[in-house]
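To keep things clear, I will list the structure first and then write my remarks on it.
The values are calculated or read from the model by the stated rules, or taken from the named source; none is laboratory data. Please read these numbers as outputs of a predicted model, since none were measured by experiment. Cβ placement follows ideal geometry from the backbone for every residue including glycine, while neighbour counts extend to all protein chains displayed. Side chains included, ligands, DNA and RNA excluded: accessible areas come from the protein's heavy atoms. Shrake-Rupley method; radii C 1.70, N 1.55, O 1.52, S 1.80 Å.
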Amino acid sequence: MAGGPLQGEARPGAAAAKKPNRPAKNRSARPRRRRRRFFSPLARGMLLVNLIGPAMLVIGLLYLEDYETRLIDSEIDILEAQATLIAQALGETASVEDTEPRHFNIAMDPELARRLVNRVATPEGPRIRLFLPDSTLLLDSRRVVGKGGLIHIEALPPPDQTSGGERAFNAVYNFIAPGWERFIRRRPLYLEREDQSAQDYWETSAAVAGETGGGVRRMADGRLIVSAAAPAQRFKKVIGAVMLSRPADRVSEAVRSVRFDILQIFALAVAITSVATLYLAGAIARPLHVLAQAADRVRGRTVLDQPIPDLSKRRDEIGDLSTALRDMTDAIRQRMAATERFAADVAHEIKNPLTSLKSAVETVARVDDDERRNRLLAVIQHDVQRLDRLISDISDASRLDSELAREHAEPVDLAHMIRIFIDIETASLDDGDETAPRLRLELTPGVAADGVGAFTEGVEVRLGQVFRNLLANARSFSPPGGRIDVSIARQDGLTPDDDVLLVVTVSDEGPGLPPGKEEAIFDRFYSERPASEAFGSHSGLGLSISRQIVSAHGGTIRAENRLGPGGDVIGARFVVMLPALNGAVSA
């Protein structure tokens, strides 16, 4: 007994060359040249991600095991039903001889069996083989003994009516599918000996024993063959075994058809996905490339003459990026312009005392009169103090932004802070001096006397610098015996979403602001001071630094004239507005 056929499958239950050393080049001074890629890495990544879904579809294209198993089971059921019918018909043709009392000799009539099998067998139908109980082959519908010897009968294949695309797919499929099938399903190989026996096939071995069964095998060319066997019985005695088999071409063709349909869907999905991905990637990558080139030009050349493309009409993230880059570039332009103006103003302001100092130093060496020499030394001392004050204020203004960015914001009690400043100013004045300005703090009902409700968030030292500057400015412009009023009030927003503001007002009874100078007084080195004040006592940076600090805290500061009933100017008023902390914070 051959070992191969009995193993049938039953239905389940190099290193790079070194380059010579070259002197290092300063690459930070010039922009990098960005290559224009026809297929950008972003597009490749998007295409790869978008093709994962169709790729999984293709993997499933070759793996249709459940579908194929159901079709094979259906084919085996049909063959079992046909084998059972033929076996029952053969059982009815068996001859019965009474040899002894109550003993019968039941045997199959070979001639009747051949005629019955020849009648039901067709070239297109399954192959029918009949085995005797001793396992010998009695007849085979595909082998007929003629005058010329043994004739093998095979059905001709139908004419090929497939299209060119299907033929190409079939050629590739026939090349890949057998190996794939052998890889995922190790089906037993179908072997057929010249002198066949019922013991060569497990289903006929079971049929000779009185059982019905079927199975599937793989032929040498990779095709599948299904078979089923049923016992031919008469009075429950097995008189033979009927085996039906045929290639599972219909199953393979059905699986192939499904795979071809999936492949068509995959091709369409890949085409649509590729076009959509390339379009989307182009809509993202191209403007990003343009923005990157513009940023390189801004970095490597003069900022003022390098515009950033305006893509804000896109109304998406790239449009937001374009707007942000344009705003950033405008801010850099403004910062550069402000720095240039500041440098020019600093040079101008420093040059004046230096010129005076130089003249005094050159003159003092030639003066013999002690009185004149003392006056010149006093001028030199005054200019040195002026330079020291000026350089200190310039240093403070230049590092203000960086210091504010590093400092940690915390709740600041403005009412408490301003009250301390007023107490210090009041304590420093001579009680008998009637010409000293009088300071008064007024709190609105929304701000309690202990400061509850007058909290903002910020850097206390810098906010204190703002109000010290405003009080010092008001004191310097106040007339003898004039009054300085400071008020703190809370101002609600127009809508519930608006911030609640703390409004601090510093008012004096001085000469007021020059007409049209309400904004100019916040410029750096603004030099218009009271006539009674010594020249050079202030650097002109106080109000500019105050506005810079208030803006960094998210607030505003403005100046205006106070008008009397007749429209006359009766003083100046500075208004500082800062965001208030939500809720009440205890002092």
Pseudo-spin-label distance Arg558 to Ala283, built 7 Å along Cα→Cβ, given in nm, is 4.4
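Note the direction-averaged projected area, equal to a quarter of the hull surface, for the Cα convex hull of segment 194-253, in nm².
Details: hull surface 18.6 nm².
Seen from a random direction, the Cα hull of segment 194-253 projects 4.6 nm² on average.
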Long-range amide H partners of Gly510, meaning residues 5 or more apart or on another chain whose placed amide H is closer than 5 Å, are Ala572
Taking a crude spin-label model, label points 7 Å out from Cα along the C-beta direction, the Ile106 to Ala472 distance in nm is 12.7
If N is the residue count of segment 218-258, its Cα Rg over 2.2 N^0.38 Å rounds to 1.70
For Glu457, the accessible surface traced by a 1.4 Å probe with all protein chains present amounts, in square angstrom to the nearest 10, to 100
Two pseudo-spin positions, 7 Å from Cα along C-beta at Ser395 and at Ala271, lie apart in nanometres by 7.5
Expected sort for 354-360, 364-370 on mean C-beta neighbours within 10 Å, highest first, is 354-360, 364-370
Trypsin sites (Lys or Arg not before Pro) in segment 249-344 lying in a DSSP loop, each with at most 16 other Cβ atoms within 10 Å of its Cβ, come to Arg301, Arg315
Applied in sequence order to segment 384-394, the curve 6.51 cos²θ - 1.76 cosθ + 1.60 (Karplus, θ = phi - 60°) yields integer Hz couplings, x standing for Gly and Pro, of 5, 4, 5, 5, 4, 4, 5, 5, 4, 5, 5
Per the rule of 0.36 nm per residue minus the C-alpha distance, extending Met328 to Arg250 adds in nm 21.1 nm
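Starting from the Cα-Cα distance between Gln88 and Gln381, subtract it from 0.36 nm times their residue separation and give me the gain in nm to one decimal.
92.0 nm
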Taking r as the C-beta separation of Arg142 and Glu65 and R0 as 25 Å, the FRET efficiency to the nearest 0.05 is 0.25
Computed ³J(HN,Hα) along segment 312-324: with the Karplus parameters 6.51/-1.76/1.60, θ = phi - 60°, integer Hz and x for glycine or proline, the list is 5, 5, 5, 6, 9, 5, 5, x, 5, 4, 4, 4, 5
In whole Å, largest first, the alpha carbons of segment 203-323 cover along the principal axes 109, 28, 19
Counting sequence-distant residues (5 or more places) and residues on other chains, those with an amide H built under 5 Å from that of Ala248 are Leu224, Ile225, Val226
In Å, the Kirkwood estimate of hydrodynamic radius for segment 224-290 over Cα pairs equals 17.2
With R₀ set to 51 angstrom, the calculated FRET efficiency between the beta-carbons of Asp77 and Glu457, to the nearest 0.05, is 0.05
Amide H proximity to Gly240 below 5 Å, modelled H, separation 5+ or other chain, gives Ala232
